[in-house]
Amino acid sequence: MSPQRTVVWFRGKDLRIADHAPLRDAAASGEVIPLFVLDPHFFAPERARPLAHRMQYLVDALHDLAASLAALGSRLVVVPGRSVDVVPALAKRWRADRVVAQRWTAPLGRARDAKVSAALGRRFVLHDGETLAPPGSVRSGSGTPYRVFTPFAKALRATVTIPRPWPAPTSLPAVPDDVAADGAALPTCETLGFARNDRVLRGGETAAEERLRVFLRDGLGAYATHRDRMDLAGTSRLSADLKFGTLSPRRVWTAASDAGGGTGLQSFLNELCWREFAHATLWDHPELLDEPFQPAWKGFPWRTDEAAWEAWVHGRTGYPVVDAAARQLLAEGHIHNRARMVAASFLAKHLLLDFRRGEDHWLRHLTDGDWAQNDAGWQWSAGCGCDAQPWFRVFNPVAQGERFDPDGAYVKRWVPELANVPSKWVHRPDEAPPLLLRSAGVRLGVDYPRPIVDHAMARARFLATARAHLGRGDGDP
Ligand SMILES: Cc1cc2nc3c(=O)[nH]c(=O)nc-3n(C[C@H](O)[C@H](O)[C@H](O)COP(=O)(O)OP(=O)(O)OC[C@H]3O[C@@H](n4cnc5c(N)ncnc54)[C@H](O)[C@@H]3O)c2cc1C
């Protein structure tokens, strides 16, 4: 085959040089032009500013990618414009034989790729890599998508061979001379109109590899016992790296498998399977970003209550774990998984507010905010999702706090007004003896709110509303 000229179109979910199928494909066939398009859908300051945590990670990752490509002898060519217009136009101007990229599972990316494909035809080639198994490939015996996680995970592990990741290339050809003059500057937090936040995880493949290394050394062994504890750094913190593709999922899977055995490893691989399940489900049901998975939930009578919404968003509900989650999100773009489940359930079930509003809010502020996983998490928590938490199970936020944050360290970190409340009362300050509260410097209703809803009332209200709407009892108490 004669040498080809290939544009490697990096998008926001594959920002790495190792285990990158499109880059490997291009490098094996001739000239390589690495491209990133600054699409105003994300990169206009008025769009980027509300997504500051994610955009900061993305900016870091782009700078890291550009440095890695430069070290290999190439260059990341950065071009502003709408990708559906820019990519076909550049392919023509640069006389590219092909444009290669990594496939997205999310509906927005699929719609974009369909347009680019219509313009470029067979010259546009998509490679898999966002997930361990190509979307749509794990099927039940009757060929249908799985609706339950456990058989899905079993089938994934039994039928999908996960090849070892490819190493990063050791060199790349220089960008061709006729392209060399093209390209804009990389964006920065400043050009995108927001201030850098040092609490947000550093983005990029270099930082992600270091996080992986530290987790495998210090965290994997105890992961099964520590992962649910909100007060411990017991999880990998690799979610944003997986979301932006600064690590490929098979890099993480293989490195963990090489590093460990036992329950820590199995529990960790199981979470990676949940990630697969979320992406596979959204691939087969793109409508899920707007609708509940279970049709009986359509038209659910969510309440409107702006005061309750504002209290939930800003961490002033009077339920310490819920408030810690809200404040951690706004401060650093992350929430512990257990706190996500408690806070999401609280919005939908205790407050009876539409989970989609919470889903949008989190998608905006989470550094790892991902259409598939965020939607799956919210629908699971509300009870309307694919293999969701049964709708009649209502988390008790106080009991969850006492169990998974036994000394209250998580709450005290994010809700400092409770810092001096003894562990015994920190998850239920409204029940603490008044004298004790006074000596801890807390005036309820002044320094820290009283609960905005009573747990028993809220639980009963949700169950009655759900039972009336769903019109059935399936196993509910
Ligand atoms: C309401 C709600 C919303 C969520 N939104 C997101 C989101 O937008 N983006 C996101 O990446 N995760 C989301 N999750 C899943 C989970 O909370 C995060 O992946 C996890 O907390 C990230 O921390 P970690 O990397 O330390 O996880 P670890 O415990 O170290 O897990 C390893 C990896 O497995 C995946 N994973 C872990 N738990 C889940 C899960 N329950 N579902 C799917 N994948 C999982 C993640 O990619 C994670 O990085 C959500 C969960 C809930 C309940």
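The values are calculated or read from the model by the stated rules, or taken from the named source; none is laboratory data. In this text, all values refer to a predicted model and were calculated from it rather than measured experimentally. All Cβ positions, even for glycine, are placed from backbone atoms using ideal geometry, and neighbour counts span all protein chains on display.
List of remarks:
- Helices (runs of 4 or more DSSP H) wholly inside region 219-314 containing at least 2 residues that are within 14 Å of the ligand (Cβ to nearest atom) and buried (at least 17 other Cβ atoms within 10 Å of the Cβ): 223-226, 239-244, 249-259, 262-284
- Enumeration of residues in region 337-367 that are over 23 Å from G245 (Cβ atoms) and near the ligand (Cβ under 10 Å from one of its atoms): R338, A339, M341, V342, A343, A344, S345, L347, A348, F355, G358
- Residues that are among the polar types (S, T, N, Q), in contact with a Ser or Thr (Cβ under 9 Å, 6 or more places away or on another chain) and either away from the ligand (no atom under 16 Å from the Cβ) or within 18 Å of V321 (Cα to Cα) (or both), drawn from region 368-399: S381
Residue by residue, here is whether (1) free of Cβ contacts under 8 Å to residues at least 60 places away in the same chain; (2) in the same structural domain as R459 (by TED's automatic domain parsing); (3) farther than 30 Å from F152 by Cα holds:
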site	(1), (2), (3)
A331	no, yes, yes
K349	no, yes, no
L353	yes, yes, yes
W362	yes, yes, no
S381	yes, yes, no
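- Scanning region 199-218 for residues that are more than 13 Å from the ligand (Cβ to nearest atom) and surrounded by fewer than 20 Cβ atoms within 10 Å (Cβ to Cβ) yields R199, R202, T206, A207, E209, E210, R213, R217.
- Annotation note: Cβ proximity below 7 Å between a residue of region 395-407 that is farther than 14 Å from S423 by Cβ and a residue that is outside any loop (DSSP other than H, G, I, E, B) and among the aromatic types (F, W, Y) (sequence gap 6+ or interchain) occurs for P397/F346.
- Checking region 381-401 against the condition returns a match, with at least one residue being modelled with pLDDT under 95, within 26 Å of M457 (Cα to Cα) and of a type in the set (K, R).
- The listed residue being among the acidic types (D, E) and exposed (fewer than 15 other Cβ atoms within 10 Å of the Cβ), out of D113, D97, D128: D128
- Some residue of region 38-60 being outside any helix (DSSP H, G or I) and either in contact with a Pro (Cβ under 7 Å, 6 or more places away or on another chain) or crowded, with 23+ Cβ neighbours inside 10 Å (or both): yes
- Filtered residues of region 425-440 (kept if within 21 Å of P406 (Cα to Cα) and exposed (fewer than 13 other Cβ atoms within 10 Å of the Cβ)): E431, P433
- Among residues of region 192-208 that are among the hydrophobic types (A, V, I, L, M, F, W, C) and modelled with pLDDT of 95 or more, those with a Cβ under 9 angstrom from a residue that is assigned to a loop (DSSP other than H, G, I, E, B) and surrounded by fewer than 16 Cβ atoms within 10 Å (Cβ to Cβ), sequence gap 6+ or separate chain, pair up as L192/A44.
- Search result, residues across region 359-406 that are over 30 Å from F194 (Cβ atoms), crowded, with 22+ Cβ neighbours inside 10 Å and among the acidic types (D, E): D405
- The helices (runs of 4 or more DSSP H) found entirely in region 372-477 that carry 2 or more residues being within 30 Å of Y146 (Cα to Cα) and touching a Phe, Trp or Tyr at 6+ places or on another chain (Cβ under 9 Å) are 455-470.
- On the stretch given as region 249-264, residues that are touching a residue at least 40 places away in the same chain (Cβ under 8 Å) and under 16 Å from L156 (Cβ atoms) total 6.
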